[in-house]
Each structure stands twice: as structure tokens, then as C-alpha cells.
Amino acid sequence: MADPSSYRPKPGQIPDSPGVYRFRDEHRRVIYVGKAKSLRQRLASYFQDLSNLHPRTRTMVTTAASVEWTVVSTEVEALQLEYSWIKEYDPRFNVKYRDDKSYPYLAVTMNELFPRVQVMRGQKKKGVRYFGPYGHAWAIRDTVDLLLRVFPVRTCSAGVFRNAERTGRPCLLGYIGKCSAPCVGRVTPEEHRELAEEFCDFMTGRTGTYIRRLERQMTDAAEDMEYERAGRLRDDIGALKKAMEKSAVVLADATDADLIALAEDELEAAVQIFHVRGGRVRGQRGWVTDKVEAVTTGDLVEHALQQLYGEETGDSVPKEVLVPALPDPVEPVQEWLTERRGSNVSLRIPQRGDKKALMETVERNALHTLALHKTKRASDLTTRSRALEEIAEALDLDSAPLRIECYDISHLQGDDVVASMVVFEDGLARKSEYRRFQIKGFEGQDDVRSMHEVITRRFRRYLGEKEKTGEWADGEVGLTEEDGRPKRFAYPPQLVVVDGGKPQVAAARRALDELGIDDIAVCGLAKRLEEVWLPGDDDPVVLPRTSEGLYLLQRVRDEAHRFAITYQRTKRARRFRASPLDDVPGLGETRKQALIKHFGSVKKLRSATIDQICEVPGIGRKTAESIAVAFAQAAPAAPAVNTATGEIMEDEDHVEDAAPETTAGVAEEPVSAGASDERRGQER
């Protein structure tokens, strides 16, 4: 625990201007990012009598070992920089809303020649229009199924689309009228894009135009005695109205607004957001956070707005945002939202009427989310704490291992030897810290030697980063602004777990001893009897089968194994995809694809003459000669196998594309079940 006075800036050093500041711990990891209208006043508030500080603030300043700041021109710039640094450094003492689920969106890929309607999760992509989020993916599919009657937009994947183009036959949706079949030229790209635009307009709430238009067309068709067409239009209108009924009108005048409500106690806070578009609730989401700093409701609202709109622009930021409390000051936040949208955004607290009533509904959802989270979290925290305590007791550690790293070696009969490192903090996987290794020190299969190499490389990097921070230097050595963030291996674990028994544990301990590291515990978990091995012990530690500590170690070990074998299979598949063209010097991906496109297959390219190869644009005679030599020296490619049918595919049909995303022609899994079982036994 550090004394804040040991790193307190000298009087007069801190400027009296807007800016953003960062607190760092002894390992130079950023633990807190904040902004201030006056850096001098704000930072001075941290360096006072510890008894006057909020308990969480006191923990933060005693955990920190240094503070630094950056001056900006305006409070809006400070807000933007604070958001960027929180995203970059992931500080442990900042409010971070944990999304309580991965929400699906209805997405329209307007960045493609033929836009596609689909369900999407994860990070948003440029050029794609999103609607939602929805509570369930099936709700999206139900809505899309109804709307495709009226807006027959493409929904198929790229592979299905290309196959339809090649065969000249549309998919089933094209035959039943739920796709306009642009793949076979039934509509032009412009006509299909217009359909997609109309679909998006309907989803944004402009529904009345299309309903009235279809009703006029239905009336005209009936007057012209085109009763079948009138019947179809009647069904289309019914489908649109049914889709609209799925989200009832909650606000009049086709309001576009987001409503944000909070439920909080001393330790945690839950936020709920209702997305209202065209007066209807189009989506809902919820987050939960630990209150690791002293924050007001207004501060929580500000952090929620940053997370909600930090990556959004244009219409994704609504005209009106309703909140339970305003940030202090509110002007920079409102100006920032206006910049994100490109037009004025109103940020206010609803006082009466329908908006006030809807806000109460959102608040009830937030209260329910917090209560449900606490029920789950209590059990999770208790179990994880008990597991870490059991591990510390079984391994005779001074304290619970809050950071555990586990290593595993994977290969296939000695080929493509790789290793994985997974990290668990507080009993939970921290996937951003996972790392992969290729074994470089030797060829062949030797798990013990591989483990020694991986541990040596990982902790040599740790020592190097530790030296860079100046912890071992005689004078003061600081990090530059560009290198301010701790590097990939800068943070040490309290416990190293290896997948294996006594030999692997001995190799890991020997690697640490050679580097002079004696403050990190090592153990191994053997698969056969799930025994825990310690360095130098002739007998293993046997934890009870019902032990939470053993269960946590198994989870860590299994995650390391999964991560390692996934990497090993990726490497093997990449090796199978290798082409003789890869060995031709100066031949890049663009010219490889041009060769394949010109000849149609590798088989035809292999049999082509030098003069024929020279006919490809961009291929000179010297390069053509190199290509011919590469194919002459290469062994014939193995036949492609359809793993579903066992059929040997002709090379004419199986084109080995030079692009990295193309699937390999050689089957990764053997065709026969017996061979598959044998491979699984050989693969580590």
C-alpha cells in the first residue's frame, strides 16, 4: 500500500485548466482515468487526509504509485479523451458497465452491392444500419419474416448468393416471393437497394406511408377486379400491421428518444435503456457495474452516455435523451452528444406526462435487473472466493492467487507445436490477456522442453518490461507517452499452472529459477487422476472431488487446452492451404488471385506454359518462369475431400484461391470414423 504523499505533485506543477489525469500502480498499469474542469483543484482533492476520503477513493490512491495528466482546450475535449483512455486502458477503478448479455441487432448491410438483412451481434461495423437491440434473436427473425412479404430484401449468406449466381437458380425464398432474387438478375442493384432503403424507413418508424400506399393499391386492384392481387396486398398490409403490433405505441408524435434509468445501492448500480423510435419501443438493454469509485447518480448517467454513444454517430444518437439525473456540468455532455449526432440533442429529466410514466417503467426494469444480478452475484462471489481460498490453503500460499496463468502445449504427432497462456483474475477468465506461442527453440515433440521454453520466454518479457519501468534502474527512468500502457507481459501472476504432471512442473520451476524469479508459485494439474503436483514433491496434492478449488483449476486447465488446440488446428489448416505460389518471390495476393481467376484452377495453372502465364495482366516473363519452376518443384496437391459425403472432388471444381479466407481443399479431419478416433488420440 503506497502513501499518496510519496507521489504527490509539487505545488505549482499542476495547471489550473481543463484536462484528463491518470493514476498508475507500481507496475505502471493505469488504474483510474478522470477528467476535470480544473486539474489543480481536482487532483488536490485526492491528496488530503485519508480519513476524509471515500473508502473506494482511499483504496484507489493507496493502490496508485504515480499520477500524470494531459491538458486540453475545452471540457468537451476532456470528455472525449477520458472516454478514449477508458476504452484503451480498461482501468480497474473506473465505472465500467458490464452488459448483462450479448444483444442481437437487426442489421442491414448497406455497404454491400446487394444489401442483406440479418441478425448481428458484437461490435458495430461501418456502413451497416442497425435496429434494436432486441431481447431475443427469434424476435428479429419473426419480424423479418413478416416484412419480407412487402420488402423482399436479400437475407442469404455470401456463399449461398454466389452459388445461386453460378447456377442461375435462386434459393427457396426467391421462389416463394420473400426475396427479389438479385442473384439471378430479377431486379437490378438499384432496385434492390431501393427495397432495402424502404425496409430501413419502415424500421425507423415511418410506417404510415407504406400502409396507406398499400391500401390505395389494394382498393385500385379491387376496382379493376384484380382480386388475386388485391388479396395479396391485403395479406401484405396484415403482415405489416402484425409487425407493428409487436411494439406498441408508448409516446405520441412519433417521438425518437432513448430513456435511461438507474437503480443503485452503496456497492453496485444497474442501468436500463429503452430505445424508442417512431413512438414505439424498438429495443432494450441493461448493464450492471461495481461502484469502485465515489460517484453520484449524475456521474453514473455520464458514464452510461459515454458507453452508449461513444462509438455512435448520426441517427444512432436520438434527438432526445431522457435521464433520471443530469451530469454536472451538463453543457459539455450535451455538446458532445450534439457533435456525435450532427444536430441538436436534448438531454433532460422528464417531469410529467407519457414520458414520465415510461421512465417509471424503465426504472422498474432497472430495479429488477439489480435485484436479479445481486442474487446471482452473491452465489458467484462466494463460490469464487472459496475456490481461491482452497487453492491457497492446498498449495500453502501466503494469500489467495488473484491472478492465475495456465500454460498448455499442443501438437499433432510433433508437427505445428504451439503453446497457450490463459489468464484468470478473481476466478474469472480475462480473455484480453490470453497469449499464444510458437515453439521455436527446437524441432519435434518434447512437451517438457516446450514448457521450459514458453515459461522462459513469457517471464523474460516480464523482466524486460519491469526493467523498462525503472524499478531496477539506479536513476529515474520513465515511460514515454507512447509507451505508457503496460506491455503484454508486464503484469505478474501469483500462481502459474501447467497442464501436466511432475516433469512439466519441474521444467516450469527450473525456467523461473534460471531467471531469478522466486516469488511466483507453480503447480501442475495432471489429467489422469486430476492430481495437483508441486515442484520438488514426490507425491501429489489430492484435492477432494467436490472441492471448488479443484473445479477452478480444472476450468483454467481446460480453457488453456481449448485455446492451445484451437491455435494448433488453425496453424495446421493454414499449412494445408499453402500453395506453390507462396514460394514465388515478389508475387503478392493481388497477382495470385489474378492468376487463379485467369486460369480457373490451380490444375490448369500448373499445366500452363510460360507464354500462357505471361498473358495474365501484371505477370512478366521472369515472374512466369519463377511460377513454372515453383510448380515443377512442388509435389502434386492432395485431392480435395467432401467431408460430408466422402467424395473425392475434382481439382476443376475445387479452386485453390490464394486469398487467406478461402477454405483449404485438403480435408482437416479424416473421412473414416476410425481414422478420426486415431487422430484425436494423437493430437495434444
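The values are calculated or read from the model by the stated rules, or taken from the named source; none is laboratory data. Predicted, not measured: the structure shown is a model, and the values here were computed from it. Don't worry about glycine lacking a Cβ; one is built from the backbone with ideal geometry, like all the others, and counts go over all protein chains shown. The accessibility values were calculated without ligands, DNA or RNA, using every heavy atom of the protein model including side chains. Shrake-Rupley method; radii C 1.70, N 1.55, O 1.52, S 1.80 Å.
Given the structure, is Val323 open to solvent by less than 60 Å² (accessible area, probe 1.4 Å), in contact with a Pro (Cβ under 8 Å, 6 or more places away or on another chain) and closer than 29 Å to Glu264 by Cα?
It is false that Val323 is open to solvent by less than 60 Å² (accessible area, probe 1.4 Å), in contact with a Pro (Cβ under 8 Å, 6 or more places away or on another chain) and closer than 29 Å to Glu264 by Cα.
Being under 37 Å from the mean Cα position of the chain (by Cα) and assigned to a loop (DSSP other than H, G, I, E, B) narrows it down to one of Arg58, Arg22, Arg8, Arg28, so name that one.
Arg28
What number of residues in region 1-47 are in contact with a helix residue (DSSP H, G or I) (Cβ under 9 Å, 6 or more places away or on another chain), over 21 Å from Glu77 (Cβ atoms) and among the basic types (Lys, Arg)?
Total satisfying the criteria: 3.
Do any strands (runs of 3 or more DSSP E) lying entirely in region 270-349 carry at least 3 residues that are touching a residue at least 40 places away in the same chain (Cβ under 8 Å), and which ones are they?
It comes to 280-290, 320-322.
Restricting to region 267-312, what's the tally of residues that are more than 25 Å from Leu381 (Cβ to Cβ) and either modelled with pLDDT under 80 or acidic (Asp, Glu) (or both)?
Qualifying residue count, region 267-312: 11.
Looking only at region 1-25, count every residue that is modelled with pLDDT of 85 or more, open to solvent by less than 80 Å² (accessible area, probe 1.4 Å) and more than 13 Å from Ser66 (Cα to Cα) and tell me the total.
Counting residues in region 1-25 that are modelled with pLDDT of 85 or more, open to solvent by less than 80 Å² (accessible area, probe 1.4 Å) and more than 13 Å from Ser66 (Cα to Cα) gives 6.
Can you spot a residue in region 129-145 that is more than 18 Å from the chain's Cα centre (by Cα) and modelled with pLDDT of 85 or more?
The answer is yes, given that some residue of region 129-145 is more than 18 Å from the chain's Cα centre (by Cα) and modelled with pLDDT of 85 or more.
Could you list all residues from region 495-529 that are open to solvent by 30 Å² or more (accessible area, probe 1.4 Å) and of a type in the set (Asp, Glu)?
Correct list: Asp513, Glu514, Asp518, Asp519.
I want to confirm something. Restricting to region 26-42 and keeping residues that are charged (D, E, K, R) and farther than 19 Å from Val71 by Cα, which single residue is most open to solvent (accessible area, probe 1.4 Å)?
The extreme case among them is Glu26.
What is the residue count in region 92-102 for residues that are open to solvent by 20 Å² or more (accessible area, probe 1.4 Å) and either in a loop (DSSP other than H, G, I, E, B) or modelled with pLDDT of 80 or more (or both)?
Counting residues in region 92-102 that are open to solvent by 20 Å² or more (accessible area, probe 1.4 Å) and either in a loop (DSSP other than H, G, I, E, B) or modelled with pLDDT of 80 or more (or both) gives 5.
Could you tell me whether Leu395 is open to solvent by less than 40 Å² (accessible area, probe 1.4 Å) and closer than 30 Å to Glu548 by Cβ?
Considered against the rule, which asks whether it is open to solvent by less than 40 Å² (accessible area, probe 1.4 Å) and closer than 30 Å to Glu548 by Cβ, Leu395 comes out as yes.
Would you pick out the residues in region 587-631 that are among the polar types (S, T, N, Q) and open to solvent by 60 Å² or more (accessible area, probe 1.4 Å)?
Thr590, Gln593, Ser607, Thr609, Gln612
Does any residue of region 542-549 turn out to be more than 19 Å from Asp408 (Cα to Cα), among the β-branched types (Val, Ile, Thr) and touching a Phe, Trp or Tyr at 6+ places or on another chain (Cβ under 9 Å)?
no
Scan region 274-314 for residues that are touching a helix residue (DSSP H, G or I) at 6+ places or on another chain (Cβ under 7 Å), surrounded by fewer than 23 Cβ atoms within 10 Å (Cβ to Cβ) and within 16 Å of Leu337 (Cβ to Cβ) and jot them down.
Of everything in region 274-314, those that are touching a helix residue (DSSP H, G or I) at 6+ places or on another chain (Cβ under 7 Å), surrounded by fewer than 23 Cβ atoms within 10 Å (Cβ to Cβ) and within 16 Å of Leu337 (Cβ to Cβ) turn out to be Gln306, Tyr309, Gly310, Glu312, Thr313, Gly314.
Select from region 433-458 the residues that are of a type in the set (Phe, Trp, Tyr) and under 33 Å from the mean Cα position of the chain (by Cα) and write down the one among them that is surrounded by the most Cβ atoms within 10 Å (Cβ to Cβ).
Restricting to residues being of a type in the set (Phe, Trp, Tyr) and under 33 Å from the mean Cα position of the chain (by Cα), the top hit is Phe437.
Filter region 54-91 down to residues that are surrounded by fewer than 16 Cβ atoms within 10 Å (Cβ to Cβ), over 21 Å from Glu266 (Cβ atoms), polar (S, T, N, Q) and in contact (Cβ under 8 Å) with a residue 60 or more places away in the chain, then give me how many there are.
So the answer is 1.
Can you tell which of Ser45, Ser51 is on the phi < 0 side of the Ramachandran plot and open to solvent by 70 Å² or more (accessible area, probe 1.4 Å)?
Being on the phi < 0 side of the Ramachandran plot and open to solvent by 70 Å² or more (accessible area, probe 1.4 Å) holds for just one of Ser45, Ser51, which is Ser51.
Filter region 31-43 down to residues that are of a type outside the set (Val, Ile, Thr), closer than 21 Å to His303 by Cα and not in a loop (DSSP other than H, G, I, E, B), then give me how many there are.
7
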